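I have placed the structure first, in the form of structure tokens, so that the comments after it can refer back to it.
Values quoted throughout were computed directly from the atomic coordinates according to the rules given, and no laboratory measurement underlies them. Computed from a predicted structure; not experimentally measured. With ideal geometry, Cβ positions are generated from the backbone for all residues, glycine too; neighbour counts draw on all protein chains shown.
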């Protein structure tokens, strides 16, 4: 195992985060604060409780997920896309690092950033809303699992994308709608049929629901199912990535 | 002693259908400087990319210091340092960070003293805190070399190391390459400047359209192929070559206004002899211009021979 190699990639990626602190950390925190002010405080004060939780507190897990998904994807996809774009990937490809080590470095750093960001958003939320976390261990477990899974997904997008537009298209056209429709701002039980059933095909529903369960002990879908779906998505990403390295798809001609 | 690099029946066809390498066999001797010459698109970079692990061969095998580059890629790649042709660097990284990054990537424990030594050798020490984008092209090239040397490779690939590099840096680089060879590093460089190969290499390989068409000791190749040409602009046109000059390989051109003398690099003393003989025969010249056969000319000849 080339530990120095993993550490080199990891440190390189983390240095990039801290170099672009405003973009990486400050702007998602700011935009989340805006959501809290608008949905939590202004609109939320006029809404009733959902499942016994105040609306402002109800949306916290969803808002964290919203940032976590989009940041994991954008961090990881940019991390691998940019060396490919600039050509510096040659060094990683010619180095004695295995695919696992490459992924551990890039995805590990992207997931670390996302987890840091998620915790930062939770701290920010404390300024606006008083909330409790019933299952802190599971909260952290969902946070880490989701960050890793979507960083893996971002890594795939970064490999697949051969221009900047493709880099943006999946997060923008697929992930954002799925997150907004995934119960971040409402319980899917509030939806009329057939939308409630259709929502069950949205993987983000399971992430948000599981995450919310860790906070308040209430969920739209069974928490075991949430855990299972997250694991399934992670395994799918791992299978795709192993295929990428086996075939050299878009990285090694 | 086995060859440090062995390439056997290597073929490469890209997905687009373009065949970049055809049955390449090449053995690099331990400790030599090997120059791979070829025109653009001949397959030089493809060959290097496959040996270094950046691209995959379609068939055939390559080993580095006895380790197969596919099944034993970790050991094989640890032995190799690569300075690619393109100046691809991380614009926002400092020199110090990027060179240490390379060392870590290749699995070596941090060694500040060693990195300091490399940076000093390459006159980069004063620039260690500079960001890559602040450096000139020549300085970037040096950083690329420092990165390649950061993990103490036994084999160093230099892909067009002096393309777009000024004379001073070129001389520095040649000096550095000799120094590395003295330290036991095997060096493979690609170039399309015959002068560079002539200056540095022990052996020269010529690649054309994906095939190695010749591998030879430099001395042998130079005397065989290094042709020079001297063009003399005459004051008075000649209608034919005077018998006094018949022993020289001369051609009359442009209606007798120009006299062209072709000779081998090894016989440059012939030039003085020709000029004095012309002087004795009363043939005056207005101007003269000498040129060396370019690599392209050599290719044309090689192809015609086959």
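Tell me, what is the Rg over Rh of the range A:3-247, with Rh the Kirkwood radius over Cα pairs?
0.99
How many nm is it between the label spots at residue A:247 and residue A:29, if each spot is 7 Å from the Cα in line with the beta carbon?
4.2 nm
Give me B:192, B:129 ranked fewest to most by other Cβ atoms within 10 Å of their Cβ, as a rough exposure proxy.
Details: B:192 17, B:129 10.
Going from least to most buried by this count: B:129, B:192.
Considering just Cα atoms, how many Å³ per residue does the convex hull of the protein assembly as shown enclose?
201 Å³
Apply 1/(1 + (r/R0)^6) to the Cβ-Cβ distance of residue A:240 and residue B:11, taking R0 = 30 Å, and write down the FRET efficiency to the nearest 0.05.
Efficiency, from the Cβ-Cβ distance: 0.55.
I want to verify a result. In a Gaussian network model of chain B, Cα cutoff 10 Å, which of these has the top mean-square fluctuation: B:122, B:158, B:238?
Most flexible of the set in this elastic network: B:238.
Helix B:137-149 versus the longest principal axis of chain B: what angle, 0 to 90°, nearest 10, using Cα atoms?
It works out to around 50 degrees.
Can you give the FRET efficiency for residue A:47 and residue A:164, using 1/(1 + (r/R0)^6), R0 = 45 Å, r = Cβ-Cβ distance, to the nearest 0.05?
Efficiency at R0 = 45 Å is approximately 0.70.
Testing the spin-label approximation: label points 7 Å from Cα along Cα→Cβ at residue B:171 and residue B:245. State their distance in nm.
3.6 nm
Shape of chain B from its Cα gyration tensor (a ≥ b ≥ c, root eigenvalues): rounded if a/c is under 1.5, otherwise prolate when a/b > b/c, or oblate?
Because a/c hits 1.5 or more and a/b exceeds b/c, chain B counts as prolate.
Given the options B:282, B:164, B:60, state which has the largest fluctuation in a GNM of chain B using a 10 Å cut-off (strictly under) for Cα springs.
B:282
Hey, fewest Cβ within 10 Å first, where do B:172, B:269, A:162 land in order?
Details: B:172 16, B:269 9, A:162 12.
Placing the least packed residue first, the sequence is B:269, A:162, B:172.
Points 7 angstrom from Cα along the Cβ direction at residue B:114 and residue B:236: gap in nanometres?
7.3 nm
Mind checking the full-extension length gain between residue A:126 and residue A:14? Use 0.36 nm per residue of separation minus the Cα-Cα distance, one decimal, nm. Before the final figure, lay out each step's value.
Working: separation 112, 0.36 × 112 = 40.32 nm, distance 2.64 nm.
Computed gain between residue A:126 and residue A:14 is 37.7 nm.
Please report the relative contact order for the range B:5-223, taking Cα pairs under 8 Å with a sequence separation of at least 6, and give it as a percent rounded to a whole number.
Computed value for the range B:5-223: 30 percent relative contact order.
So how tilted is helix B:269-280 from the main axis of chain B? Cα-based, degrees 0 to 90, rounded to 10.
20 degrees
Compare A:159, A:73, A:133 in a GNM of chain A, Cα atoms joined below 10 Å, and give the one with the largest fluctuation.
Taking springs between Cα atoms under 10 Å, the residue moving most is A:133.
Fewest to most neighbouring Cβ within 10 Å: what's the order for A:213, B:96?
If I rank by nearby Cβ atoms, fewest first, I get B:96, A:213.
Taking every DSSP beta bridge with both residues inside chain B, roughly what % is antiparallel (nearest 5)?
In chain B, approximately 70 percent of DSSP beta bridges are antiparallel ones.
How tilted is helix B:167-182 with respect to the longest principal axis of chain B? Cα atoms for both, answer in degrees (0 to 90, nearest 10).
The angle comes out near 60 degrees.
Using only helices, what value at 222 nm comes out for the protein assembly as shown when you add -39,500 (n - 2.57) per DSSP H run of length 4 or more and divide by the total residues, to the nearest 500 deg cm²/dmol?
Result for the protein assembly as shown, helices only: -16000 deg cm²/dmol.
What FRET efficiency comes out for residue A:201 versus residue B:129 if R0 is 41 angstrom and r is the Cβ-Cβ distance? Round to the nearest 0.05.
On the way: r = 53 Å, r/R0 = 1.30.
Taking R0 as 41 Å, the efficiency between residue A:201 and residue B:129 is 0.15.
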